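K.L.:
Before we start, here is the structure in question, set down as structure tokens.
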Amino acid sequence: MKNDMRPFQSWFGRYTRRFLKNFKGDDRNALALKIYHSQQVRKIIKELSKRIGLSRKEIFLAEISGLFHDIGRFEQFRKYHTFYDLKSEDHAALSCNVLKKEGVLDTLSGVERDLVLDSIFVHNKFSIPQDFKGLKLIISKLLRDADKIDIWRVFDDFYQMSKGSSEINLGLPMGEKISEKVFSQFMKEEIVNIKDVKSQVDFMVMRLSWLYDINFKESLLKIVKRGYIDTIFRLLPEDEKTNAIREKIFSFIEKRGVYGKGS
Ligand SMILES: [Fe+2]
């Protein structure tokens with residue numbers, strides 16, 4: 001059947017179960033969260049693709065990218081017992097290697113396969129390469145947005161309900177103040193470099209800075225409506241830096257034509 005996700009879904013199920021089986025407790029939960037995340041990103045990218053008017057075939061390719069973008073996480077965790085790329089290896093590159101090695105995308109045409117692999121490869125990079133054009137560029141942008149939206153959910157659950165594994169904080173200390181370097185990057189509307197993140201407080205500011213990299217207005221609206229930004233502000237220290245960040249973020253959101261909750 002044309003544009004059928006079922007064979008991809010069943011491969012995904014078989015592959016991920018192989019890893020789940022070998023872990024217990026927190027480790028198993030951390031991996032289960034990655035499975036759920038993959039499915040959520042697939043759903044979000046499908047929704048966004050429809051909303052911006054992509055064709056059935058294009059939505060299908062976007063869904064495949066969403067489902068498999070983090071497939072390398074399983075091998076990463078098995079090998080290094082962490083999701084921290086800097087302490088292990090680039091998980092997006094690993095995702096591409098797994099897909100190639102397992103022949104998962106062999107039923108697609110060469111062009112489609114390259115599109116899926118390239119969008120996956122750049123999903124966690126600082127920016128999308130200049131030479132990405134047409135559908136490849138659109139799907140890469142959608143994937144980055146969908147991934148960020150769902151990562152926000154993961155953290156939101158963690159902070160609001162202490163749900164999930166502490167692995168998602170990369171084991172960082174809580175910290176009391178926002179680091180100067182992180183703050184100045186944020187105020188310049190730059191995406192905070194993970195290398196400068198020293199604590200969970202910095203980490204939250206880094207997450208906020210991802211808003212600068214959101215490609216579609218539809219995505220930004222989803223983030224605001226889900227209340228993820230509010231959760232972060234409840235957790236940041238009450239000081240001048242946080243106030244400056246708050247002002248900055250709200251004027252940025254307004255500039256993009258998105259106005260608060262329920263509007
Ligand atoms: Fe990822």
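The values are calculated or read from the model by the stated rules, or taken from the named source; none is laboratory data. Source: prediction; values computed, not measured. When we count neighbours, we look across all protein chains shown, and the Cβ atoms used for this are built from the backbone with ideal geometry, even at glycine.
K.L.:
Which one is nearest to the ligand (Cβ to nearest atom), of the residues in the stretch 55-82 that are closer than 17 Å to D27 by Cα and crowded, with 20+ Cβ neighbours inside 10 Å?
P.N.:
The residue in question is D70.
K.L.:
Can you go through K34, K43 and tell me which one is among the basic types (K, R), in a helix (DSSP H, G or I), surrounded by fewer than 17 Cβ atoms within 10 Å (Cβ to Cβ) and under 20 Å from the mean Cα position of the chain (by Cα)?
P.N.:
K43
K.L.:
Continuing with this model, one more query. Quick one: count up the residues across the stretch 185-200 that are over 16 Å from R246 (Cβ atoms) and either among the charged types (D, E, K, R) or in the same structural domain as I128 (by TED's automatic domain parsing) (or both).
P.N.:
5
K.L.:
Same structure, new question: For D239, indicate whether it is in contact with a helix residue (DSSP H, G or I) (Cβ under 7 Å, 6 or more places away or on another chain) and more than 28 Å from I45 (Cβ to Cβ).
P.N.:
no
K.L.:
Among the listed residues S88, S95, identify the single one that is crowded, with 18+ Cβ neighbours inside 10 Å and within 14 Å of the ligand (Cβ to nearest atom).
P.N.:
S95
K.L.:
Shifting gears a bit: Please work out which one of (1) among the aliphatic types (A, V, I, L, M); (2) closer than 26 Å to K136 by Cα; (3) surrounded by 18 or more Cβ atoms within 10 Å (Cβ to Cβ) is the condition M5 fails and give its number.
P.N.:
(3)
K.L.:
Within the group K222, K261, K248, which residue is at pLDDT 90 or above and outside the structural domain of I44 (by TED's automatic domain parsing)?
P.N.:
That would be K248, the only listed residue that is at pLDDT 90 or above and outside the structural domain of I44 (by TED's automatic domain parsing).
K.L.:
Still on this model: Regarding F121, is this residue within 21 Å of L54 (Cβ to Cβ), away from the ligand (no atom under 15 Å from the Cβ) and not basic (K, R)?
P.N.:
Against the criterion (within 21 Å of L54 (Cβ to Cβ), away from the ligand (no atom under 15 Å from the Cβ) and not basic (K, R)), F121 does not qualify.
K.L.:
Among the residues of the stretch 122-133, is any outside the structural domain of K217 (by TED's automatic domain parsing) and assigned to a helix (DSSP H, G or I)?
P.N.:
Checking the stretch 122-133: not a single residue is outside the structural domain of K217 (by TED's automatic domain parsing) and assigned to a helix (DSSP H, G or I).
K.L.:
What pairs come out if I take residues in the stretch 60-81 that are closer than 13 Å to Q40 by Cα and in a helix (DSSP H, G or I) and pair them with residues that are at pLDDT 95 or above and within 12 Å of the ligand (Cβ to nearest atom) whose C-beta lies under 6 Å away, six or more apart or interchain?
P.N.:
S65/S119; S65/I120; S65/L143; G66/V41; G66/A146; L67/S38
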